[in-house]
1. Only Lys, Arg, Asp and Glu count, each charged at its Cβ (+1, +1, -1, -1), so figure out the dipole size of segment 100-189 about its Cα centre, rounded to 20 debye.
2. Going 7 Å from the Cα of MET80 toward and past its Cβ, which residues in segment 178-192 have a backbone nitrogen under 17 Å from where you end up?
3. Toward the positive end of the charge dipole of segment 100-189, about the Cα centre and with charges on Cβ (Lys, Arg +1; Asp, Glu -1), which of ILE160, SER182, SER136 goes farthest?
4. Among MET80, MET109, MET132, which comes first, second and so on when ranked by fewest other beta-carbon atoms within 10 Å?
5. Under 1.5 on a/c is rounded, so check that first for segment 100-189, then, if it is not, pick prolate when a/b is larger than b/c and oblate when it is not; a ≥ b ≥ c are the square roots of the alpha carbon gyration tensor eigenvalues.
6. Assuming R0 = 30 Å, can you tell me the calculated FRET efficiency for the pair ASP162 and LEU190, based on Cβ-Cβ distance, to the nearest 0.05?
Amino acid sequence: MARYKDAVCRKCRRIGEKLFLKGERCYTPRCAVERRRRPPGDATPRRRRPSDWALQLREKQKARFTYGVLERQFRKYFDMARGRPGVTGDNLLQVLETRLDNVVFRLSMADSRQQGRQLVNHGHFTVNGQRMDIPSYLVEPGDVIAWKRGGRNGSTPKFIRDLTDGLPKRPVPPWLRLDVGSLSGEVASLPDISEIETGIDARLVVEFYSK
């Protein structure tokens, strides 16, 4: 499976703003965007007014980088959103938000979406009691996401206790319910566009693919 293996901070610098791809580090002075406020590479960027196409491409890349999705899969999500009733841009963000790795991040069970993807890949989560190791799995209302208990006695491994200490670490969106006691979360409903805070202008993404 294809995977981006370069430094993720380069993505933030390319876009020109924080995408919060490295969790807590993005809130500290160690953030690459704070230390190097210029695109990656040796060439000095020319200051010029970006074209409409450039703005649309930037927003599409911003959405891809934020959710950690490659171009082929992102286009698949766009076609899925376009086939649903309603506003295509809103549908696209809704599909991206319901990815399992994003839900794990939204529930504060991971410090970043990238970490959430790794934890899901390693089989540390269950959906409705069944082990799930597919980060792109799309959750539905009523689904219950929980940590997979480890050990013969069903105890919680130390790394999970350390990772979940102090939950919730950030506000949990209204479309999710977090149960700190059982280290689980429930999908109460599909996310409304007003509940998705990513700073992504989905209208520009739709315009990019509509040409």
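Read the figures in this text as sums done on the coordinates, not as results from a lab. Predicted model only: the values in this text are computed from it and were never measured. Neighbour counts are summed over all protein chains in view; Cβ atoms, including those assigned to glycine, are modelled from backbone coordinates with ideal geometry.
1. Dipole about the Cα centre, nearest 20: 240 debye.
2. 187, 189-192
3. Checking the options against the dipole of segment 100-189, the answer is ILE160.
4. Working: MET80 14, MET109 27, MET132 18.
Fewest-to-most ranking of MET80, MET109, MET132: MET80, MET132, MET109.
5. Judged from the Cα gyration tensor, segment 100-189 comes out rounded (a/c under 1.5).
6. Working: r = 32 Å, r/R0 = 1.06.
Step by step, r from the Cβ atoms, then E = 0.40.
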